[in-house]
Every structure is written in structure tokens, then in C-alpha cells.
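To keep things clear, I will list the structure first and then write my remarks on it.
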Amino acid sequence: MDLFELACWHKHLWKQLKACPQTEDDHEMEVDAATSAIQTPIPTAKHLLPELEIYCYLLVLLFLIDQKKYNEAKACSSASVAWLKNVNRRTVDVIASRLFFYYSYSHELTGDLAEIRGNLLALHRIATLRHDELGQETLLNLLLRNYLHYNLYDQAEKLRSKAPRFEAHSNQQFCRYLFYLGKIRTIQLEYTDAKESLLQAARKAPVAARGFRIQCNKWAIIVRLLLGEIPERTVFMQKGMEKALRPYFELTNAVRIGDLELFRNIADKFATTFSADGTHNLIVRLRHNVIRTGLRNISISYSRISLADVAKKLRLDSPNPVADAESIVSKAIRDGAIDATLDHANGWMVSKETGDIYSTNEPQLAFNSRIAFCLNMHNEAVRALRFPPNTHKEKESAEKRRERQQQEQELAKHIAEEDDDDF
């Protein structure tokens, strides 16, 4: 008999003993019989505390997951959550939030994550009615993970936008929320907001959560590339992340050079890794950025170049590369990516002279973005400060202040006398 069956049998036997009306002698005889049968004394006290019972559920669940008995863990977690719905005590909120997490995790390990979505929504509604804010945070993240697991980004965004928000009680849950928010924003092409959320999640995550920080950095690198930025080399050289971020380092190098053929080779080489990370569709979007980067390098290097040479240098593998190069150049000129003109009659791209960048507004915009980042970090640090409750309401009266000063003087005098005696 394993630990899970033993725990369930204990609970069933204890309920049967409590349900039978017996005399004192009969009760003692049956307790002795049960004790000899299972070799464990049954407590003669009243009901077990709910906190103790839910903690036992959590221990059994962790044991089953560690032993890779995922089906038994799923059954145990389902039974514990069903029992937990009838318990409305704030003292079990912290343990209940952990139980919710392993409830979802056990179903994810067995591939049955979709079947608990309705139950998670019901648990989130119950937690909202009970003002269990920690439970709301945990369940909201579990629901977002559930939707994103099946690529239901629109439903995840609807839930996130309508769910009540409040001050975060758990740093870990807040980091998870920022990560899921960054993924949703990335799919919705809101790259600036996605970058901010992903970098904040990676920065706030504990140092021990290396796997989570690696995932945040992977998505942040892709988002920065989609924004036209090139991440610093130090991002890929973080301790313990070099091997995991190696495919993204090579991908960043291809985007930086603007070599479309190298980009395709790297995308094919690490296709399995990108698919496992869920970033393959985003890497497909990067093709346009690679072409634009290569075109920018060409416009800087040549004052005039034919469209056929542009197609050759960009390595466009299309049936009509000259026509594709013309459309790409015209779109880049319209978007302001390059400062050039098109000579359609002769089939040339004529680049204009590069002006002084310090005569434009770009330095001002760069400094403004850095200042805004520092101010936001300062505001987040201030909001994260913890103060004793109601300190702003409690004002010390004159009488209390005199009493406190008198007590301090008496204490100082007493300490001075003790020092004199010791001397």
C-alpha cells in the first residue's frame, strides 16, 4: 500500500468511526481493533485542523510527483481541491495557493490541462468572493498559463483585462504575471510593452529561478530584435545561461549582419529548440528585419547601386528578385529605414549623404528613454517598500511621548546603575 492509499484509508476509517453512535466501551474496543490492524494509533481528539489536513494533502501530492506517479498525483490533487472548496478560512490561503499550483501542474504533466479550465475559473471566482488575494493571483496565473499552453492568446487577454488587479502579495506570482503579459503583448505586436514586461520579470525573478530567467531572456531577445535593437553581448554571457542562449546569440549575430542566408541556416539548425521554446513563429517575423538591416548596410556602403545587385547582396531566393528588391527598397524608404531615392528608369537605388545625427532629435529621444526607465525603476522600488500597517494614522500624543521618554530615562538609569555595580 503506497502513501496516498494509506492516507485515503486513514481518512475513510476515521469518518466511519465518527459516524457510528457507540457506547464508550464499544468505542474503545473498535479503536483498539483499528489500532492493531494498521499499527498506528488513531487520535481520540476532535476534528483535525483544516490547516493540518490540507498540509498533509500537499505533502502527499509532492511525494507522488517526486515519485513520477502522475495519475495518482492528479487524483490526489483533485480530491484535495474538491475538499478545499468547502473551507473558508484565511489561515489556509497560503497553503491553498501552493495546492492550486500543483493541482494544475499534475494535470499538465498528464496532458489533461484543458479539462480543469472550468474548475480553475470557478476557484478564481470563489477566491474573489472570499477576498483571497493570494489565491486570486495564483489562479489568474494558472489560467493564463492554461490558455497560453493551447495558444489561446485572445481569451487570455480578455481574462487578464477583466480580472481584478491589486497590489501584488507574492513576488513570484507577480513575475509570472509579467512573463505571461509579455508573451501576450508580443503576439499582439505590442513589442514596446512586451519588452518592458519581460525585462521587468527577468529583473525581479529570484537568482535561484534560473529556468524562468532563461525563458524571460529568450523572449526579451526576440522582442528586442523585432524592435530593431541588438541586445548587448553581456545578455548572452550571464552565468549559467550561456549554453541555453547560444542559439539566440547566433540568431542575433545573423540579424546584426543582415545576412539572409545565414539567418535561414540558423533557423533550420535550431528549429527544434525554437519550437520547444514557442518562439518559432516570432523568428519567422524576423526575416523582414534581417532584410531591412542588410539594406541599411548597403545604403551606407554605396552611394548608388543597381536593384539587381541589391537583390544579389540580400540573397533573395524568389522567382523575380529584382521586382522584390524594388518593393523592399521602396517600403524601406517610405518607413524611413533608409535615406535614399529610387530611380525606376535606370533601376538604381541612390543613397543620400549621411547627415550629422546630433543635429536631429535622436540623441534627445535616447536620453529621454533612459531617464524614463530610471524613473520607472525608482517608482517601482518605492511601491515595493513595506511599512507597518496604519503608521500614517497613529500619531503620538504629548502624554504618550512623555511616558515613553520617562521609560527611556528610567531604562538608561537602570543600565547605568548595573554598569556601576559591575565595575
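Given the structure, is residue 231 of a type outside the set (Gly, Ala, Ser), outside any helix (DSSP H, G or I) and under 24 Å from residue 291 (Cβ atoms)?
yes
Regarding residue 308, is this residue of a type in the set (Gly, Ala, Ser), more than 27 Å from residue 223 (Cβ to Cβ) and open to solvent by 90 Å² or more (accessible area, probe 1.4 Å)? Spell out the reasoning first.
Details: of a type in the set (Gly, Ala, Ser): yes; more than 27 Å from residue 223 (Cβ to Cβ): yes; open to solvent by 90 Å² or more (accessible area, probe 1.4 Å): no.
Judged against the criteria, residue 308 is not a match.
Restricted to segment 311-337, and to residues that are closer than 16 Å to residue 227 by Cα and either touching a strand residue (DSSP E or B) at 6+ places or on another chain (Cβ under 6 Å) or touching a residue at least 40 places away in the same chain (Cβ under 8 Å) (or both), which residue is surrounded by the fewest Cβ atoms within 10 Å (Cβ to Cβ)?
337
Within the group 311, 366, 340, 276, which residue is in contact with a Pro (Cβ under 9 Å, 6 or more places away or on another chain) and under 24 Å from residue 255 (Cβ atoms)?
Answer to the selection: 311.
Being part of a strand (DSSP E or B) and at pLDDT 75 or above is true for just one of 349, 377. Which residue is that?
349 is the lone residue from the list that is part of a strand (DSSP E or B) and at pLDDT 75 or above.
Is there a residue in segment 171-179 that is open to solvent by 10 Å² or more (accessible area, probe 1.4 Å) and over 21 Å from residue 383 (Cβ atoms)?
no
Please pick out the residue among 125, 117 that is in contact (Cβ under 8 Å) with a residue 12 or more places away in the chain, charged (D, E, K, R) and assigned to a helix (DSSP H, G or I). Step through it out loud before you land on a result.
On the way: 125 fails: in contact (Cβ under 8 Å) with a residue 12 or more places away in the chain.
Only one candidate passes the filter, namely 117.
Report, ordered by the first and then the second residue, all pairs with beta carbons closer than 6 Å, sequence separation of six or more or different chains, a first member in segment 182-194 that is farther than 11 Å from residue 227 by Cβ, and a second member that is open to solvent by 50 Å² or more (accessible area, probe 1.4 Å) and in a helix (DSSP H, G or I).
Short answer, once both residue conditions are applied: 185/193.
If a residue must be without any contact (Cβ under 8 Å) to a residue 12 or more places away in the chain and either buried (at least 19 other Cβ atoms within 10 Å of the Cβ) or in contact with a strand residue (DSSP E or B) (Cβ under 9 Å, 6 or more places away or on another chain) (or both), how many such residues does segment 253-287 contain?
0
Filter segment 77-107 down to residues that are at pLDDT below 85, part of a helix (DSSP H, G or I) and charged (D, E, K, R), then give me how many there are.
2
The values are calculated or read from the model by the stated rules, or taken from the named source; none is laboratory data. None of the values given here were measured: they were computed from a predicted structure. Positions of Cβ are generated from backbone atoms using ideal geometry, with glycine treated the same way; all protein chains shown enter the neighbour counts. In case anyone asks, the SASA skips ligands and DNA or RNA and just uses the protein heavy atoms, side chains included. Shrake-Rupley method; radii C 1.70, N 1.55, O 1.52, S 1.80 Å.
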